[in-house]
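The block underneath contains the structure these notes are about, expressed in structure tokens.
The values are calculated or read from the model by the stated rules, or taken from the named source; none is laboratory data. Everything numeric in this text was worked out from a predicted model, so none of it was measured. When we count neighbours, we look across all protein chains shown, and the Cβ atoms used for this are built from the backbone with ideal geometry, even at glycine. Accessible surface areas use protein heavy atoms only, side chains included; no ligands, DNA or RNA. Shrake-Rupley method; radii C 1.70, N 1.55, O 1.52, S 1.80 Å.
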Amino acid sequence: MTPPVFRFAPSPNGHLHLGHAFSALLNFDRARETGGRLLLRIEDIDATRCRPEFEAAIYEDLAWLGLDWEIPVRRQSEHLADYRAALDKLSALGLVYPAFESRAEIAKLVSAREADGPWPRDPDGAPLYPGNAKSRPADERAQLIASGAPYALRLDMAAACRRVAGLAWNELGEEVGGERGIVPARPEAWGDVILARKETPTSYHLSVVVDDALQGVSEIVRGQDLFHATAVHRLLQVLLGLPEPAYRHHRLICDGERRKLSKSSRSTGLRALRAAGITPAGIRQLVGLG
């Protein structure tokens, strides 16, 4: 039997905190318990925020925790052609279109729409795309792109959903609203998500499903904050003909005000805790694994 494959996939845009430690340790423990493999992936597609010193710190912090992983480490910035190929496949299906509104213009459109009532939001609370770029004539799109105008490539969610029926995923976690087993996926709740931008031929949603497939990841262990995003990932997996992994979403480590930790949380940063004398065993106790 093929051993299960797990992955921990941080972004090098800041130092790791207790929440990252919890997720990394869960993946490490699952790999040991099942005789599986643990991969480390560096999700560094955001060239403006990701830095080499943060990547080096990730390796240092994880090694200090006692984790080991397979070499080589996959760095997303070295595999942009893989994401471009997936995007081309979706484009060939007629499921991708360019939208040229800036963030400020989208905010104005949402404000105008809300004059008639609340505008729908995605599960993270962000407003759904309110523009009409799908109806823009092809020659006009081509002229704008040729002029150098910035744009985002969006998934035509309605058209994509018409291609897929009975979408669901296998949830192994036990701490996400009591949902376990086969969970119906509702990607339409996210609207026309961004798949890429002019300057970057991918997005989180696109790159994560491509990477997981290429790396043979069989069980995805990640935070509860990504539970609903799984619907988009399952949709993309089906559209691209990629294998379906199982999912295990875990509880989040929160601060004293019940807010999800951020990389600016100095009091919960692994480097600060290590400097204060906390041991790797102490980190396990702090996240409830001791």
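Observations
- So ALA159, is it within 21 Å of LEU87 (Cβ to Cβ), surrounded by fewer than 13 Cβ atoms within 10 Å (Cβ to Cβ) and of a type in the set (Gly, Ala, Ser): no
- Residue within the range 53-62 that is without any contact (Cβ under 8 Å) to a residue 40 or more places away in the chain, of a type in the set (Val, Ile, Thr) and over 20 Å from HIS205 (Cα atoms) present: no
- Selection from the range 272-287 of residues that are closer than 13 Å to LEU62 by Cα and of a type outside the set (A, V, I, L, M): ARG274, THR279, PRO280, ARG284
- Number of positions in the range 86-106 that are open to solvent by less than 60 Å² (accessible area, probe 1.4 Å), part of a helix (DSSP H, G or I) and either aliphatic (A, V, I, L, M) or at pLDDT below 95 (or both): 4
- Set side by side, the residues ASP29, ASP46, ASP88 differ, and just one is acidic (Asp, Glu) and in contact with a Leu (Cβ under 8 Å, 6 or more places away or on another chain), which is ASP29.
- Qualifying residue in the range 242-256 (condition: modelled with pLDDT under 90, in contact with a Cys (Cβ under 9 Å, 6 or more places away or on another chain) and exposed (fewer than 15 other Cβ atoms within 10 Å of the Cβ)): no
- Pair list, Cβ under 6 Å, 6 or more apart: the range 117-142 residue closer than 19 Å to ALA158 by Cα and open to solvent by 40 Å² or more (accessible area, probe 1.4 Å), other residue assigned to a helix (DSSP H, G or I) and not β-branched (Val, Ile, Thr): TRP119/ARG113; PRO123/ALA189
- The condition of being out of contact with any Gly (no Cβ under 8 Å at 6 or more places or on another chain) and closer than 25 Å to ASP211 by Cβ holds for LYS89.
- Just so you know, in the range 186-198 the residues that are surrounded by fewer than 21 Cβ atoms within 10 Å (Cβ to Cβ) and either closer than 22 Å to ARG162 by Cβ or touching a residue at least 60 places away in the same chain (Cβ under 8 Å) (or both) include one that is nearest to the chain's Cα centre (by Cα), and it is ILE194.
- Helices (runs of 4 or more DSSP H) within the range 135-226 that include 2 or more residues touching a helix residue (DSSP H, G or I) at 6+ places or on another chain (Cβ under 8 Å): 157-162, 204-214
- The range 11-22 residues that are over 18 Å from GLY282 (Cβ atoms), paired with ones that are part of a helix (DSSP H, G or I) (beta carbon under 7 Å, 6 or more apart): PRO12/PHE54; PRO12/GLU55; PRO12/ILE58; ASN13/PHE54; GLY14/PHE54
- Test: residue in the range 63-72 that is of a type in the set (D, E, K, R), in contact (Cβ under 8 Å) with a residue 24 or more places away in the chain and over 23 Å from CYS254 (Cα atoms): yes
- Search result, residues across the range 58-72 that are surrounded by 14 or more Cβ atoms within 10 Å (Cβ to Cβ) and β-branched (Val, Ile, Thr): ILE58
- Candidates are the residues of the range 1-57 that are open to solvent by 40 Å² or more (accessible area, probe 1.4 Å) and of a type in the set (Ser, Thr, Tyr); the one that is farthest from THR268 (Cα to Cα) is THR2.
- All positions within the range 211-225 that are open to solvent by 20 Å² or more (accessible area, probe 1.4 Å) and either modelled with pLDDT of 95 or more or under 20 Å from LEU90 (Cα atoms) (or both): ALA213, LEU214, GLN215, GLY216, SER218
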